[in-house]
């Protein structure tokens with residue numbers, strides 16, 4: 001079994017002997033090595049979040065350039081992880097699709113259609129020998145003003161796209177996915193917590209990202225920036241950035257919550273020591 | 001078996017034994033998916049597809065009843081299909097199927113017959129096996145219309161069937177169907193559905209709940225539609241009673 005690729009991995013138009021397309025898998029790896037992006041479908045809206053490392057102190061923080069969450073049309077947003085330049089191409093294409101839909105059909109593109117078109121576009125680049133797959137995963141959140149429904153999708157470099165209650169991509173995806181499954185996003189949570197609202201989601205996402213950085217050195221923690229956006233009643237169902245006060249509050253809460261959990265663990269350990277005596 | 005490993009990197013290269021390995025690898029990718037069965041009765045003008053419904057990677061964060069998870073699709077009012085294999089390839093092929101069928105109706109003024117659509121898709125698949133720059137789409141297609149079942153594979157073969165299957169357990173399902181194929185012609189819509197479900201059940205070796213299956217039917221009286229969970233449960237109960 002040629003699981004190493006070994007000659008079958010030079011082109012997206014080559015299948016390996018076990019029927020895999022290695023170029024697409026490698027594109028997925030490019031995403032897996034990048035900063036984490038999250039999306040949550042809440043009872044009253046969608047929240048998108050991407051973590052960024054400010055790569056230099058000379059860069060203006062929270063500036064309007066170098067964003068990783070973009071609006072597409074009025075009622076949809078896309079968050080990216082992976083190659084930022086590939087992602088830019090996808091944003092441009094998504095905006096064209098949205099504008100095209102509006103012109104042809106007269107209403108805002110529903111998130112399902114947008115996700116479908118983006119996944120078809122991304123898939124095209126996995127078929128031809130002359131092209132390479134996009135090294136970026138898009139998390140698409142949108143609101144359909146006609147049906148009055150919000151929905152969350154994720155489009156991967158292979159062109160696979162599903163509708164999600166909660167999705168993560170990037171290097172923190174395993175840890176964050178585990179955390180997301182504990183929340184009541186599907187409405188069918190066995191632990192019976194309340195369905196997650198957008199405000200709650202903002203806090204939880206901040207917590208998940210900061211937990212990823214728990215064991216990293218302070219220099220990295222200082223450079224961490226969170227880009228968050230939402231589509232909810234407060235934003236009049238338009239895609240908008242989460243106001244910075246709310247993000248900052250969420251970050252403070254996240255830090256306290258993590259510290260408190262850390263203390264509990266330490267206390268438990270101390271208790272064990274005492275009992276052993 | 002010498003795998004002629006120098007000859008399998010490109011679709012346009014034959015091996016010394018005359019094989020096109022890239023197509024065989026595409027088949028491997030196309031059959032590595034959930035199993036589906038399809039049965040038809042040409043006398044009673046009905047057909048049915050049954051497929052397993054599984055959440056990708058068992059990821060419970062994926063919305064399970066969203067159309068994105070389903071393999072079973074309508075192509076026109078009277079043509080349904082199931083596409084198994086690589087998911088994004090399936091999506092691309094579905095777009096093409098719908099376009100070709102609609103284009104036929106636009107050009108010629110009547111509903112596209114299943115056989116014509118199957119041939120068109122097969123021809124497209126064949127082109128991909130002869131172009132150097134594109135790869136074959138790793139998809140197996142089963143098309144159904146009233147009284148017809150066609151299967152199209154990634155190499156561009158297509159044939160009409162009385163009953164067929166696709167996916168990882170297709171051979172076993174086909175073996176099961178071959179044993180009962182004599183009875184298909186006399187079956188009505190409900191019996192056709194039950195045969196397809198039983199074929200899938202025998203292969204997967206487990207009892208189903210309505211939520212684990214997707215069933216699509218089409219016949220002369222109604223357009224292609226998917227059965228509701230209650231209807232599927234109804235069929236499952238009838239099967240269970242007749243076994244008991």
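Ordering A:211, B:187 by the number of other Cβ atoms within 10 Å of each residue's own Cβ, fewest first, gives A:211, B:187. Once the Cα atoms are used to define both axes, helix A:84-105 deviates from the longest principal axis of chain A by about 60 degrees. Seen against the Cα atoms of chain A and their longest principal axis, helix A:244-276 is set at about 50 degrees. With a 10 Å cut-off around each Cβ of B:77-89, the average count of Cβ atoms from other chains is 3. Taken along the Cα-to-beta-carbon direction at a fixed 7 Å, the label points for residue A:44 and residue A:219 span 4.3 nm. Quick check: from the Cα gyration tensor, does region A:100-155 come out rounded (a/c under 1.5), prolate or oblate? Since a/c reaches 1.5 but b/c is at least a/b, the shape of region A:100-155 is classed as oblate. Residues considered: A:31, A:84, A:50. Largest GNM mean-square fluctuation over chain A, using C-alpha springs under 10 Å, is found at A:84. Over chain A, dividing the summed -39,500 (n - 2.57) contributions of all DSSP H runs of at least 4 residues by the number of residues returns a 222 nm mean residue ellipticity of -13500 deg cm²/dmol.
Shape of region A:125-264 from the C-alpha gyration tensor: oblate (a/c of 1.5 or more and a/b not above b/c, with a ≥ b ≥ c the square roots of its eigenvalues). For chain A, the relative contact order comes to 24 percent (Cα pairs under 8 Å, sequence separation of at least 6). A crude spin-label estimate for the pair residue A:6 and residue B:228, with each label 7 Å from Cα along the Cβ direction, gives 5.5 nm. Taking every DSSP helix (H) stretch of at least 4 residues in chain B, weighting each as -39,500 (n - 2.57) and dividing the sum by the residue count yields a mean residue ellipticity at 222 nm of -12500 deg cm²/dmol. Given the options B:175, B:77, B:59, state which has the largest fluctuation in a GNM of chain B using a 10 Å cut-off (strictly under) for Cα springs. Ranking B:175, B:77, B:59 by mean-square fluctuation puts B:59 first. Gain on full extension, evaluated as 0.36 nm per residue between residue B:206 and residue B:116 minus their Cα-Cα distance, stands at 28.7 nm. Taking the C-alpha atoms only, the angle from helix B:114-130 to the longest principal axis of chain B is near 30 degrees.
With a 10 Å cut-off around each Cβ of A:162-175, the average count of Cβ atoms from other chains is 3.
The value of relative contact order for chain B, using C-alpha pairs under 8 Å at least six residues apart, is 28 percent. Legend: calculated FRET efficiency, residue A:95 to residue B:102, from the Cβ-Cβ distance at R0 = 22 Å, rounded to 0.05, equals 0.25. The mean number of partner chain beta-carbon atoms within 10 angstrom of a residue's beta-carbon across peptide A:17-24 is 5.
Between A:34, A:161, A:11, the GNM of chain A built on Cα springs shorter than 10 angstrom shows A:11 fluctuating the most. Classify region B:183-244 as rounded, prolate or oblate from the Cα gyration tensor: take a ≥ b ≥ c as the square roots of its eigenvalues, call it rounded if a/c is under 1.5, otherwise prolate when a/b beats b/c and oblate if not. Since a/c reaches 1.5 but b/c is at least a/b, the shape of region B:183-244 is classed as oblate. Were the residues from residue A:62 through residue A:249 laid out at 0.36 nm apart, the gain over their Cα-Cα distance would be 65.7 nm.
Throughout, read-outs are computed from the coordinates displayed, never taken from laboratory work. These figures come from a predicted structure and were not determined experimentally. A quick note on method: Cβ atoms are made from the backbone with ideal geometry, for glycine too, and the neighbour counts reach across all protein chains shown.
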